[in-house]
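I have placed the structure first, in the form of structure tokens, so that the comments after it can refer back to it.
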Amino acid sequence: MKINTAEFIISNSEVSKCPKEPIPEYAFIGRSNVGKSSLINMLTGRNSLAKTSGKPGKTQLINHFKINENWFLVDLPGYGYARVSKSTKETFQKFITDYFEKREQMVCAFVLIDIRLEAQKIDLEFLTYLGTTEVPFCIVFTKADKISKGKIDQNVAAYRKALLANNWEEMPQYFVTSSTEGTGRDTLLDYIGEVNQGIFDNQGFI
Ligand code: GTP
Ligand code: MG
């Protein structure tokens with residue numbers, strides 16, 4: 001899929017204030033600093049559309065970006081950043097869970113996982129939360145430029161093993177990406193294009 005337009009629409013902390021248009025949206029979620037905002041910039045080809053930072057905790061709100069005037073990308077705050085105060089952390093979690101439980105237009109959550117790390121408890125917990133809440137999701141491994149091709153395959157295999165050990169029956173659909181190199185861009189955009197097409201063919205969500 002080709003990206004013709006990408007525009008920032010609104011940031012807010014309440015799901016009820018998110019855009020009302022019944023068009024498909026895709027949310028990017030994962031631990032702070034995993035590369036959610038960078039991936040949105042890479043996909044849209046707009047380097048400073050979503051704000052990024054070397055320090056975790058940069059994105060603090062639900063950010064809607066409208067793409068090609070007929071679907072949304074959503075940049076969410078990260079979870080699991082230990083240095084924010086407990087109450088702030090709880091707020092993140094509340095509006096993240098509110099978002100996933102209430103946002104009917106959300107057709108796929110992309111859960112970002114740093115390809116370099118072994119499976120982290122908090123990510124496994126979040127995946128279980130999505131599973132029990134029946135939120136459709138895919139895994140997006142990030143920062144693939146930081147390790148060799150052989151190591152990528154090894155780490156994906158290790159992740160599959162960790163998921164199976166956590167009661168998942170199979171590895172969910174996954175993508176391997178690098179925002180600095182553009183790896184995975186076409187595959188991910190084509191996937192979104194296919195899901196969108198299915199929705200548009202059925203005249204939306206009605
Ligand atoms: P929060 O908004 O704090 O939750 O973080 P985030 O998940 O949006 O991460 P962000 O996109 O701000 O990126 C965090 C850091 O990782 C930045 O320094 C990015 O430059 C770096 N980064 C993100 N993606 C990649 C990647 O694919 N490769 C490399 N080498 N660095 C990356
Ligand atoms: Mg961010």
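Between Met171 and Glu104, the C-beta separation translates, for a Förster distance of 22 Å, into a calculated FRET efficiency of about 0.20. Estimated at 0.36 nm per residue, the fully extended path between Cys138 and Ala158 surpasses their Cα-Cα distance by 5.5 nm. Taking a straight Cα-Cα cut-off under 17 Å and skipping sequence neighbours fewer than 8 places away in the same chain, the lysines within cross-link reach of Lys17 are Lys66, Lys94, Lys102. Ligands, DNA and RNA aside, Thr128 has an accessible area near 60 Å² when probed at 1.4 Å.
The label point for Asp186 and the one for Ser16, both projected 7 Å from the Cα toward the Cβ, are 4.6 nm apart. Using a probe of 1.4 angstrom and keeping all protein chains present, the accessible surface of the chain works out to 52 square angstrom per residue.
The label point for Thr5 and the one for Glu118, both projected 7 Å from the Cα toward the Cβ, are 4.9 nm apart.
Placing R0 at 35 angstrom, the Cβ-Cβ distance between Thr128 and Ser148 gives a FRET efficiency of 0.70 after rounding to 0.05. The calculated 222 nm mean residue ellipticity attributable to helices in the chain amounts to -11500 deg cm²/dmol, summing -39500 (n - 2.57) over DSSP H runs of n ≥ 4 and dividing by all residues. Bridges between two residues of the range 6-199, per DSSP, are antiparallel at a rate of about 40%. Once Rg and the Kirkwood radius are both taken over the C-alpha atoms of the chain, their ratio Rg/Rh works out to 0.93. Please report the carbon-and-sulfur percent of the accessible area for the chain; probe 1.4 Å, protein heavy atoms only, DNA, RNA and ligands left out. Heavy-atom surface of the chain belonging to carbon and sulfur, 1.4 Å probe: 48 percent. Each of Gly131, Gln60, Gly204 was scored by the projection of its Cα onto the charge dipole of the chain, and the greatest displacement toward the positive side belongs to Gln60; charges sit on the C-beta of Lys, Arg, Asp and Glu.
The values are calculated or read from the model by the stated rules, or taken from the named source; none is laboratory data. Quantities reported herein were computed from a predicted structural model and do not represent experimental measurements. Note: ideal-geometry Cβ built from the backbone for every residue, glycine included; neighbour counts use all protein chains shown. Quick note on the areas: whole protein, heavy atoms, side chains included, nothing else; ligands and nucleic acids left out. Shrake-Rupley method; radii C 1.70, N 1.55, O 1.52, S 1.80 Å.
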